[in-house]
Amino acid sequence: MPVPDLPIFTWQRRERAWFYAPGYLVVAPEAQARRIEQDLRRETPQMGAAAALHAHARGAQTARAAWQLGAFTPLCLTVYLNRHCNLNCSYCFAQAEPPQPDPGLAQRISLEAVRMAAQRVAQNCQSRQAPFWLALHGGGEPTLDWRLAEQILQIVEEIARQAGLPVLRYIATNGVMSGEVAGWLVQRFDLIGLSCDGPPHIQDVQRPLRNGAPSSPYVERLAEMVHAAGKPLQVRVTLTPHSMTRQEEIAHYLCAQLRPEEIRAEPVYQGGRAEAQSCLGVEMVETYVHQFRLARGAAAGYGVKWTSAGTRLGSVYGPYCHIFRQVLNLLPGDTATACFRHSALGAQASQAATIGWYDPQTEACWLDETRIQAIRQAMGHTPRRCATCFSQYHCTLGCPDRCPLEPGGEAFSPAAEFRCQLQTALALTLLDELVPALDADKVYSVSLDAQRLGEL
């Protein structure tokens, strides 16, 4: 890092000097590199390359300060409807339980809690002139409670209408539902996120029904219905040791059969049924990256994006904690949380991540500002080992496989170590692809938000 107090990083790669500020890369031959290094130390650089690096570095600092220090004013309400699921995924982080035979016996979210939380979010959206985002998610499958989901939609839509706000409706689903529920889903939601791990011989092994039957026919049917309704489709792929080496095959199947606009592929989280031995290790990073590149190329041939957390260099990200993302999570039992993993029964961080709850006696949705600030302090700092890493502004700082709120969470587990090395390797791979063979005597830059290569 040649510039004190600025996130500007430099290294040697492919016999050239690489300078990086979050979202901006400069590649220079040795002679010009020395001049750039000198100019970077000026308060106001004179060269275009150094000036652009300065600007992006300061912009990244501003963006980080916004999520690190800003007030918690959620613009999105995420509702985890239940902790039950009709699948028995081999790696389920939540270890979701089978559906209740009597829905009345299940712990549920009260409509009053939803109303109070939605009113709070609507006020924030009004003041920020932002749309109201509603997401239905789960440590289970949200469509198992689709009639409750419809009531929640109606409440949010009415509150947003009164506030003069547009509503964007998102649902994450496994696709396993009746035709009636599928028809309701494609009509009522603006964006559908569908979990699918690949062709039937992968999907049905990793994501079978509770009775062991295949889930792929349901997934394929829902995708067809989404397309027929003219709605956008995202697919989420979880990569395990079983499927990691088949990414190109998975990409071809998903693009040809499900036809999504985007595919988000991520390694399996450690936790729940995904014990340490079923997670990916650092010795697999090179193979994973190679397979990822093949899959991205295959998806591009269909006009589909194949992405992951390690390839989003155009944006500044913080931890997965939803406090930093301005998201209010509401769980069964009317509890508010900062963490998506809180949806898991018996999650270690469940108590530590609790930030509020609905009080039926006072009919108020109360958020614990003291607890929110404590989580910000625990999660908002950069680990010492990450201080010199160029990718630190884009990764999630080891979360969710490394949570400082959990006992021993400061240490990097094998799963967190893998995720760290993988994200860095994917970021370097992306930069390499954006910088082809260059004229040895010229300086080049790449703006990652636009992904355009230019000569300086």
I'd like the Karplus ³J(HN,Hα) series for the stretch 65-75: coefficients 6.51, -1.76, 1.60, θ = phi - 60°, whole numbers in Hz, and an x wherever there's a Gly or Pro. 4, 5, 8, 7, 10, x, 5, 7, 10, x, 10
Among the DSSP beta bridges whose two residues both lie in the stretch 1-140, what percent are antiparallel, rounded to the nearest 5? 60 percent
Going fewest to most other Cβ atoms within 10 Å around each Cβ, R58, R385, R419 line up as R385, R58, R419
Using amide H atoms built in the peptide plane, which far-off residues or other-chain residues are under 5 Å from W306 H to H? I263
Calculated FRET value between Q151 and K305, using beta carbons and R₀ = 45 Å, to 0.05: 0.85
Exposure-ranked with fewest Cβ neighbours within 10 Å first, D449, D145 stand as D449, D145
Along its three principal axes, how long is the chain when you only count alpha carbons? Whole Å, largest extent first please. 73, 50, 43
Magnitude of the Cβ-charge dipole (Lys and Arg +1, Asp and Glu -1) of the stretch 70-456 about the Cα centre, nearest 20 debye, reported as 320 debye
Hey, what does the equivalent ellipsoid look like for the stretch 1-127, semi-axes from the Cα gyration tensor as sqrt of 5 times each eigenvalue, largest first, whole Å? 51, 22, 9
Per DSSP, the loop-located GluC sites (Glu not before Pro) within the stretch 4-50 having at most 11 other beta carbons within 10 Å are E15, E43
Using DSSP to call loops (not H, G, I, E or B), can you name the chymotrypsin sites (Phe, Trp or Tyr not before Pro) in the stretch 212-304 whose Cβ has at most 11 other Cβ atoms within 10 angstrom? none
Trypsin sites (Lys or Arg not before Pro) within the stretch 202-242: which are DSSP loop residues with at most 15 other Cβ atoms inside 10 Å? R210
Using just the helices of the chain, give the 222 nm mean residue ellipticity in deg cm²/dmol: DSSP H runs with n ≥ 4 each add -39,500 (n - 2.57), and the total is spread over all residues, rounded to 500. -11000 deg cm²/dmol
Restricting to Cα pairs under 8 Å and 6 or more apart, the percent relative contact order of the stretch 70-456 works out to 18 percent
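Counting other beta carbons within 10 Å of each Cβ, put R207, R64, R259 in order, fewest first.
Values: R207 25, R64 20, R259 16.
The order, fewest Cβ neighbours first, is R259, R64, R207.
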Tally the DSSP beta bridges in the chain and give the antiparallel ones as a percent, rounded to 5. 50 percent
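Read-outs throughout are calculated quantities, based only on the coordinates presented, and are distinct from any laboratory measurement. For clarity, every value in this text was computed on a predicted model and none was experimentally measured. Cβ: placed from backbone, ideal geometry, glycine included. Neighbour counts: every protein chain shown.
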